[in-house]
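The values are calculated or read from the model by the stated rules, or taken from the named source; none is laboratory data. The model shown is predicted, which means the values in this text are computed figures rather than measured ones. No Cβ is skipped: glycine too gets one built from the backbone with ideal geometry, and neighbour counts run over all protein chains shown. Accessible surface is based on the protein model in full, side chains and every heavy atom, while ligands, DNA and RNA are left aside. Shrake-Rupley method; radii C 1.70, N 1.55, O 1.52, S 1.80 Å.
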Amino acid sequence: MSEIRSQATPARDELAEKVFDLLVTAESMGEQRRNVIAHGIAMGLEDAGWSKPRTVNSATELDALPVGSVIRSEDVTALKARNGAWLWDDGNYWEPLAGREVRVLFTPGDAG
């Protein structure tokens, strides 16, 4: 799982560079309303590949995730094993806490 963490900084740096470029562009637009600029920045970020992280909020949604999915809840990152259980990165099996929001980091077939 450390590979996921190590790749976050370059991706964040690339995203920050895109935000900076969009802010420079927005500044050169002159006196525009903030909401128009904000929507332009949002569109630019989407064009650069950003999307809101997917979350699941129920056991049913967790069960529906395919084998090989990676999730994060609290401070735990886990992989869905072939037996349907969640395998923590230290090799132990783990069950996400009921009622907690879980962020889906990866599902097989995701681009990138």
- Conditions (1) farther than 23 Å from Asp13 by Cβ; (2) modelled with pLDDT of 80 or more; (3) under 21 Å from the mean Cα position of the chain (by Cα); (4) among the basic types (Lys, Arg); number of the one not met by Arg100: (2)
- For the stretch 7-34, what are the residues that are modelled with pLDDT under 70 and of a type in the set (A, V, I, L, M, F, W, C)? Ala8, Ala11, Ala26, Met29
- Note on the structure: Within the stretch 73-96, of all residues that are in contact with a helix residue (DSSP H, G or I) (Cβ under 9 Å, 6 or more places away or on another chain) and under 20 Å from Pro53 (Cβ atoms), the one most open to solvent (accessible area, probe 1.4 Å) is Asp89
- Item | strands (runs of 3 or more DSSP E) wholly inside the stretch 42-83 containing at least 2 residues that are at pLDDT 85 or above and under 10 Å from Val102 (Cβ atoms) | 54-56, 70-73
- Message: As an exercise: evaluate Ile37 against (1) modelled with pLDDT under 75; (2) of a type outside the set (Lys, Arg); (3) exposed (fewer than 10 other Cβ atoms within 10 Å of the Cβ) and give the number of the one condition it does not meet.
- Response: (3)
